1. Out of all the residues in the stretch 266-286, which are crowded, with 18+ Cβ neighbours inside 10 Å and either at pLDDT below 90 or touching a Lys or Arg at 6+ places or on another chain (Cβ under 8 Å) (or both)?
2. Out of all the residues in the stretch 510-518, is one or more open to solvent by 10 Å² or more (accessible area, probe 1.4 Å), within 30 Å of Ile169 (Cβ to Cβ) and without any contact (Cβ under 8 Å) to a residue 40 or more places away in the chain?
3. Pairs under 7 Å by beta carbon, first residue surrounded by 20 or more Cβ atoms within 10 Å (Cβ to Cβ) in the stretch 230-256, partner part of a loop (DSSP other than H, G, I, E, B) and at pLDDT below 80, six or more apart or different chains?
4. Suppose we filter the stretch 510-537 for residues that are under 22 Å from Asn556 (Cα atoms) and not hydrophobic (A, V, I, L, M, F, W, C); how many remain?
5. Could you please tell me which pairs satisfy a Cβ distance under 7 Å, a separation of 6+ or placement on different chains, a first residue in the stretch 441-463 that is more than 18 Å from Glu334 (Cβ to Cβ), and a second residue that is assigned to a helix (DSSP H, G or I) and charged (D, E, K, R)?
6. Given (1) open to solvent by less than 20 Å² (accessible area, probe 1.4 Å); (2) modelled with pLDDT under 90, where does Ile543 come up short, assuming only one miss?
7. Is one or more of the residues making up the stretch 294-303 closer than 30 Å to Met479 by Cβ, at pLDDT 85 or above, of a type in the set (A, V, I, L, M) and not in a strand (DSSP E or B)?
8. Of all residues in the stretch 473-487, count the ones that are without any contact (Cβ under 8 Å) to a residue 12 or more places away in the chain, of a type in the set (D, E, K, R) and part of a helix (DSSP H, G or I).
Amino acid sequence: MSRVFARRRGIIKHIVCNCPCVSITEGERELDSIVLRGIYCWLRKNLVGGKILAIEPCDRKSIFLTVRKSGLRVFYIVISWDAAFFRLYPTSTKPRKADLQNPFLGIMKRHLQGARIASIVMKSLERVVTFELVNIDLSGNEQEFTLIAELMGKNSNLILIDRETREIIDAGKHVTEAMSRLRPVLPGEEYVEPPVSQGQNPLAATEPEIAGALGKEPALRLDKRILNEFSGISPTTAREIAFRTEREPTEMHSEQAAAGVFASMMSDISEERFEPCIMTEPEAKSLPGGIGQKSILCAFPLLSKEGFGMAQFDTMAAAAETFFAAKEAAASFEKMAQRLAQMVRAKLTKAKRRLVNVESETVDENEVNRLFMLGELLKVNVRAVKKGMDHIEVEDILSGKGESVSIKLDGKLSAWANVDVLFKKAKKAKRRLAHSENLFKSVRAEISYLEDVLLHVESCEDSECLRQIAEELLSRGEMSERKFNEIVTGVERPASEERPEPYRRFISSDGFEILVGRNNAENDQLTLRTARPYDLFVHAQGIPGSHVIIWRSERNSPIPKRTIEEAAIISALHSKSRGALHVPVDYTPRSQVKKPKGSIPGKVIYTSFETIFVDPDESILKNLSKIDLRRTQSGTKEK
């Protein structure tokens, strides 16, 4: 076992609230609690007992599970913790797999691939769906895990925990103590359930209890009272209950009538009598899949949406699949259009700035003619020039006006040498004028072309149109292949995937990739070109050794302490102190590392850092996954 002693220096914390008891974002329009309940009921009925065959990424904040159950075809469960577009739904069509890897995905595959879904749980109308999973390890022993999908707007997350110890194995979004003192979500921490929403459980309340709760604040609108008194009810559902209450032909008090409508709807939910549909606003722009841009996924038809179009489905799964497939296609198109337009605007801004510079540096044609005229006049009056003169006054015989013209001279040069200097200046100005004119035309043509491209980008209506524009820019050399892939797929290919040097690579216990230079040339390449500014640089303090980089999956993703300890041990083992004890190892963001001008290969300096003391133990390396994959590199340093 290695002993670790840490010393921290100057850490600044930024406190951010992470309490889930806040209003839900725009994503609620796509997935309210009742819709989520309907999806959960379908999953529980159809996929419990199924086996997880694969876990793949849709994007950086979304994954899909491939599930096979005896007697059913393969289904895919899409889970996203994206704050703006959180969702969970089954689909029979395989989602598009993104070409990316991250530590969380690696840990999910390691623990859950091949696991059986023992049960699926959703409490009342809370936005938390829990998957109880059982897997078999290499020794044949059962391992029990819990996968928790928290679909709560900006606080959405996907968390994997050990069912017995309730310890967090990993999460899609790490929440540090600096971000939330009450509920950090980090590997190794005990899982704490989200605070329960205030208000009564609508599925458990009786009709008299509902009437009593709605009668507490009679001055408020009915939909506001419903939202205040019951948990898990969305504003859309509350307005629908109020609308149906107004249409009830009854002489009862409004609270009693509302309680009847409310209880009837909750009874349908409890008994899983859903009428899934997609309702579309009139004259809304059509999306792929035949639904409108302003559409609502509903567990029941909304009578309050008069004039809306409605497409009905046999199951909640079918409705969700159609709805989210269209929304995902639209979101992908919008992101692609945004990325392409942003790139074109950046190029257009640079071209306009270059045009200003060209105009400011352009030589006036009159100035060129004046220099030639001065040269001719000095040539005619060359005998009047004496050595040591700094200027001469001559008559302007070329213009015919007979005016006196002053010509500056270099007193150290002869008369004919001064003539040569003037003609050289005139010829240089003439060449510069011709070049400026050509450059001006070229830049103007580029600006015109980019403005035309931007107009086409903004008028595109589908992804194929955007792809064709991107291919045109690629063929013209306006963008690199890497930028093309980033724009078209939405995934930026890391620099480490584009280099021939393999380095030494390890995977930490938390799933982070650790890269180690093998010589001074690789040390420079790894630290100064491959590593991004937000990756973590690790090096044994004050002694020769390999450069070690902890690769972050995202710019702000926190690196667990255990991963830093393992990287420090790797750094100590690849240094001159590999046989010593209590080796001090420094770590700092790559942005703090500089290379002195003219220094030898492998030498760098850094000022702001933290230090950890470790005992080098080669047995630690046996517990880490070593990678020997060849990748390629662009050779450019990310700025």
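The values are calculated or read from the model by the stated rules, or taken from the named source; none is laboratory data. Being a predicted model, the structure only gives us computed values, none of them experimental. Cβ: placed from backbone, ideal geometry, glycine included. Neighbour counts: every protein chain shown. Protein only, heavy atoms only, side chains kept; ligands, DNA and RNA dropped before computing areas. Shrake-Rupley method; radii C 1.70, N 1.55, O 1.52, S 1.80 Å.
1. Pass one, the stretch 266-286, residues crowded, with 18+ Cβ neighbours inside 10 Å: 266, 269, 274, 276-280.
The answer is Ile269, Met279, Thr280.
2. Checked the stretch 510-518: no residue is open to solvent by 10 Å² or more (accessible area, probe 1.4 Å), within 30 Å of Ile169 (Cβ to Cβ) and without any contact (Cβ under 8 Å) to a residue 40 or more places away in the chain.
3. Gly232/Ser197
4. Residues in the stretch 510-537 being under 22 Å from Asn556 (Cα atoms) and not hydrophobic (A, V, I, L, M, F, W, C): 10 in total.
5. The qualifying pairs are Val443/Arg354; Ile447/Lys352; Leu450/Lys347.
6. (1)
7. First pass over the stretch 294-303, keeping only residues closer than 30 Å to Met479 by Cβ: none.
No: zero hits.
8. 1
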